[in-house]
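Contents: one structure, followed by commentary.
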């Protein structure tokens, strides 16, 4: 436990600006550093991928002087802790758990999947899971669960703290269920990023990626990409098999 505390204390340094805005009087305690943002790194807690966000912005790991930093608030929540800041002081406290939560204050991905299946009236053998990942919505940790049964797509958002179903959506379409075994035919997220950058006439060093992930739309696997260059935001949707640019927006 002592080892975890030391590591979390270090991580709070990276999350300080995320948690609060420093007062003018405290500005002198900060010093400017140059850190590298890793937009392709994955963060996992107990084997579950986490997408760390503040409002709608993805918070990527930062590397400074050989050390990788993560936002304190989001990481603490994923580990079953609360993080708060008062006049530049970072405080980490344990969450109060209820009888409906595990000892860590998180029901876990498998329990979230079971809750979604029970609500849909289906068993695990009757569905094909496409996505099970942790995310944050309005500062709350949730599990995004997506699966198919027949020609019906189910999307669930389940509160990690107690298993409450935050939202559910059903779509019935005329398509075949994508097979997870076809992933070897996908071009890969790096190739998709390069295709988007080539179309935009930019290099990876010139942009900051906000999103680069595999998703499904009407049974078709595709990569969703978002990145920024100067004051412009680029959004691409790229076919995961052929690499064809399906949609492009620049704001």
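The values are calculated or read from the model by the stated rules, or taken from the named source; none is laboratory data. The model shown is predicted, which means the values in this text are computed figures rather than measured ones. Every residue, glycine among them, receives a Cβ derived from its backbone with ideal geometry; neighbour counts consider all protein chains shown.
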Among the residues of the range 114-127, is there at least one that is without any contact (Cβ under 8 Å) to a residue 40 or more places away in the chain, outside the structural domain of residue 74 (by TED's automatic domain parsing) and under 18 Å from the mean Cα position of the chain (by Cα)?
no
Report, by residue number, each residue of the range 35-50 that is modelled with pLDDT of 70 or more, more than 24 Å from residue 93 (Cβ to Cβ) and within 14 Å of the chain's Cα centre (by Cα).
38, 39, 40, 41, 42
Does at least one position in the range 221-228 carry a residue that is exposed (fewer than 13 other Cβ atoms within 10 Å of the Cβ) and either closer than 25 Å to residue 127 by Cα or at pLDDT 90 or above (or both)?
no
Are any of the residues in the range 227-235 over 20 Å from the mean Cα position of the chain (by Cα), within 24 Å of residue 130 (Cβ to Cβ) and assigned to a strand (DSSP E or B)?
no
Condition check for residue 147: surrounded by fewer than 19 Cβ atoms within 10 Å (Cβ to Cβ), under 24 Å from residue 217 (Cα atoms), touching a strand residue (DSSP E or B) at 6+ places or on another chain (Cβ under 6 Å) and modelled with pLDDT under 90
no
What single numbered condition from (1) outside any loop (DSSP other than H, G, I, E, B); (2) under 27 Å from residue 111 (Cβ atoms); (3) modelled with pLDDT of 90 or more fails to hold for residue 162?
(1)
Return yes when residue 57 is out of contact with any strand residue (DSSP E or B) (no Cβ under 6 Å at 6 or more places or on another chain) and modelled with pLDDT under 85 and no when it is not.
yes
